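Participant: First the structure, then my questions, so here it is.
The values are calculated or read from the model by the stated rules, or taken from the named source; none is laboratory data. Predicted model only: the values in this text are computed from it and were never measured. Glycine also receives a Cβ, built like all others from the backbone with ideal geometry; neighbour counts cover every protein chain displayed.
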Amino acid sequence: MNVEVNITFKGGAGNVTITVFSNGNQVSQVVVLISGTVPLTNVSSGDIISIDGISPANGSDISISVSTDPPTPSHYESGPIMDSYIVL
Amino acid sequence: MKKHICYIIICLAIFISKQNLNAQTKDVSITILTADSLPTGNNKDILTGFYNLYLNDLTGVNKEVKFSSNLFAIMLRYNKNLIIDTNYIKNSWAKRFNIDFDASFENSNKLKGFSMGLKYAIIDKRDVTISKKLIPLALGKLKLILDFHRSVISKISIIKDSALKKNYNDQAKKFFSSHDSLIFENLYPELQKIILECSKTKDGFDFSSVKNYSNLSIGMLADKSYKELLKSFQNMPLLVSYLNLTTFTNKFQMSNIDLGLDFSKGIINPNASNNLELNIKGSLGFANDTTKVNKDLSRSIANGEIGLNWVIKGSDNRSNIEFKLSASENYIISGLYNSENKQLFTMNGTLRFRISNDFWFPLEFKYDPKTGNVFGLINISSNFNWLRF
């Protein structure tokens, strides 16, 4: 399935790496430098979307276009982000 | 005409502040450069950035309205999208501007006089929100930890049992979170094994080598490391230019105009409990010559000062006591009074105690080496947040 991840950085520049893992393998990886929507292809149920990087001064909002566990949108405070979502 | 302009400015100031106060309860907190985000009381004198209205004795004989704001904060009130990174960086020039306005009224609500000030930070390397260095430095510092996170998630993605995968992922989220942190010893034993396995990677992050690692989470370590990096920005240079205008209290004519530059830079590691800060000031002032019948700005004074500010921090790394030693030179360019020296060199000291988050108690003294005179004065410095309503 195709998945879109929307990221909004607030109060300065941020930097986030989105990685899709499927059964221990890295399926895709995208580095996000500015707010926007990132398309991810070939994502399957049970895959994990890993999100890590730096959230700017006023934090970041992240939402994934498909059902995940836990569900999105999520807000991250300023500082390091290390999070992961299972695609349902 | 001047009266009308003043009334318009005051009404605008009150309106903007009311907007701000109303919005505070509804909006998420928006961080702008604030007086208290600056590390020391000495810097608070240089550049403030809060968004504030202070009304004093409105029912009394002498009414006073004070307004202080950062230009970006005003713009943000009317365009919330400015907080989004692309707009924020594009409009970061506005964060460098501070505006102050102070008007006093007679009992009959007639404007007596006002003062206003503009500050512009020519160099502001301390504002991490617009720094181009922060993200590369943070990614460099946290690279091994971020890689480590990905390797743990990669291992969890292998788990076939969806309930088990969910449980491990839920715990991993907390273990890597700096806010809702779960320490290592509280993780499932199998997840602990995965984490230790991942930390044995060659050239990778070795969590098991961290002292007392079982009582820690990766989120806590990453957060500590990031905050140390943020503190290092407190030592960066700050150069602020300013223009202050003051009118007479009985006439809409300028009584004082001050122009100046103020520079400060930290010297010692900001994570240490003590720090030294270099402070250099230069100003040019034009004032009314009181010996003349006509009111004008014929008296002009140049002033230069160089000093070192010793900052003593508390356990929370916040500046609590500061002692500044400086040497200053006053030079009266024109309008010298009979009893005055054209040139005056003094050694100055300022001892400041932080009473509360917003409130400083400075004790100042000046020493004139020529005459041996010592002058002292007590001054109160506050951003009036404690009077906000």
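Participant: Looking at (1) at pLDDT 90 or above; (2) closer than 22 Å to residue A:54 by Cβ, which is the one condition that is false for residue B:210?
Facilitator: Checking residue B:210 against (1) at pLDDT 90 or above; (2) closer than 22 Å to residue A:54 by Cβ, the one that fails is (1).
Participant: What are the residues in region B:81-133 that are closer than 21 Å to residue A:57 by Cβ and among the hydrophobic types (A, V, I, L, M, F, W, C), if any?
Facilitator: B:82, B:83, B:84, B:89, B:93, B:94, B:97, B:121, B:123, B:128, B:130 - these are the residues of region B:81-133 that are closer than 21 Å to residue A:57 by Cβ and among the hydrophobic types (A, V, I, L, M, F, W, C).
Participant: Would you confirm, using the coordinates I've provided, whether residue B:328 is among the polar types (S, T, N, Q), part of a strand (DSSP E or B), closer than 25 Å to residue B:104 by Cβ and at pLDDT 90 or above?
Facilitator: no
Participant: Could you check region B:331-345 and list, in sequence order, the residues that are of a type in the set (Gly, Ala, Ser) and assigned to a loop (DSSP other than H, G, I, E, B)?
Facilitator: Once the filter is applied, which keeps residues that are of a type in the set (Gly, Ala, Ser) and assigned to a loop (DSSP other than H, G, I, E, B), region B:331-345 yields B:335, B:339.
Participant: Listed residues B:282, B:204; which is on the phi < 0 side of the Ramachandran plot, in contact with a helix residue (DSSP H, G or I) (Cβ under 7 Å, 6 or more places away or on another chain) and surrounded by 14 or more Cβ atoms within 10 Å (Cβ to Cβ)?
Facilitator: Selected residue: B:204, the only one of B:282, B:204 that is on the phi < 0 side of the Ramachandran plot, in contact with a helix residue (DSSP H, G or I) (Cβ under 7 Å, 6 or more places away or on another chain) and surrounded by 14 or more Cβ atoms within 10 Å (Cβ to Cβ).
Participant: Let me ask something else about it. Looking at residue B:226, is it aromatic (Phe, Trp, Tyr) and either free of Cβ contacts under 8 Å to residues at least 40 places away in the same chain or more than 14 Å from chain A (Cβ to nearest Cβ) (or both)?
Facilitator: Criteria not met by residue B:226.
Participant: Please specify each residue of region B:254-303 satisfying the condition of being in contact with a Phe, Trp or Tyr (Cβ under 6 Å, 6 or more places away or on another chain) and closer than 18 Å to residue B:329 by Cα.
Facilitator: Within region B:254-303, B:260, B:280, B:300, B:302 qualify.
Participant: Ok, one more. Would you say residue B:249 is assigned to a loop (DSSP other than H, G, I, E, B), away from chain A (no Cβ under 12 Å), touching a residue at least 24 places away in the same chain (Cβ under 8 Å) and under 33 Å from the mean Cα position of the chain (by Cα)?
Facilitator: Taking the combined requirement at face value, the residue satisfies it.
Participant: Pick out the one residue from B:141, B:95 that is touching a helix residue (DSSP H, G or I) at 6+ places or on another chain (Cβ under 8 Å), more than 15 Å from residue A:15 (Cβ to Cβ), touching a residue at least 60 places away in the same chain (Cβ under 8 Å) and not in a strand (DSSP E or B).
Facilitator: From the options B:141, B:95, the qualifying one is B:95.
Participant: Exactly one of (1) at pLDDT below 95; (2) more than 9 Å from every other protein chain (Cβ to nearest Cβ); (3) in contact with an Asp or Glu (Cβ under 6 Å, 6 or more places away or on another chain) is unmet by residue A:37. Its number?
Facilitator: Result: residue A:37 passes all but (1).
Participant: Cβ-Cβ distance below 8 Å, separation of 6 or more or different chains: which pairs start in region A:46-75 with a residue that is more than 8 Å from every other protein chain (Cβ to nearest Cβ) and end on one that is of a type in the set (A, V, I, L, M, F, W, C) and surrounded by fewer than 17 Cβ atoms within 10 Å (Cβ to Cβ)?
Facilitator: Between residues of region A:46-75 that are more than 8 Å from every other protein chain (Cβ to nearest Cβ) and residues that are of a type in the set (A, V, I, L, M, F, W, C) and surrounded by fewer than 17 Cβ atoms within 10 Å (Cβ to Cβ), the close pairs are A:66/A:1; A:66/A:88; A:67/A:88; A:68/A:88.
Participant: Looking at region A:1-83, what strands (runs of 3 or more DSSP E) fall wholly within it and have at least 2 residues that are touching a strand residue (DSSP E or B) at 6+ places or on another chain (Cβ under 9 Å) and aliphatic (A, V, I, L, M)?
Facilitator: Qualifying strands (runs of 3 or more DSSP E): A:3-9, A:15-22, A:25-32, A:36-40, A:48-55, A:60-64.
Participant: Within region B:213-232, identify whether any single residue is closer than 30 Å to residue A:74 by Cβ, outside the structural domain of residue B:122 (by TED's automatic domain parsing), crowded, with 17+ Cβ neighbours inside 10 Å and in contact with an Asp or Glu (Cβ under 7 Å, 6 or more places away or on another chain), and answer yes or no.
Facilitator: Checked against the condition, which is being closer than 30 Å to residue A:74 by Cβ, outside the structural domain of residue B:122 (by TED's automatic domain parsing), crowded, with 17+ Cβ neighbours inside 10 Å and in contact with an Asp or Glu (Cβ under 7 Å, 6 or more places away or on another chain), region B:213-232 yields no hits at all.
Participant: Name the single residue that is surrounded by the fewest Cβ atoms within 10 Å (Cβ to Cβ) among those in region B:335-373 being in contact (Cβ under 8 Å) with a residue 40 or more places away in the chain and farther than 30 Å from residue B:297 by Cβ.
Facilitator: Restricting to residues being in contact (Cβ under 8 Å) with a residue 40 or more places away in the chain and farther than 30 Å from residue B:297 by Cβ, the top hit is B:357.
Participant: Continuing with the same structure: Report yes if residue B:332 is among the aliphatic types (A, V, I, L, M), closer than 24 Å to residue B:300 by Cβ, out of contact with any Pro (no Cβ under 7 Å at 6 or more places or on another chain) and in the same structural domain as residue B:264 (by TED's automatic domain parsing), otherwise no.
Facilitator: yes
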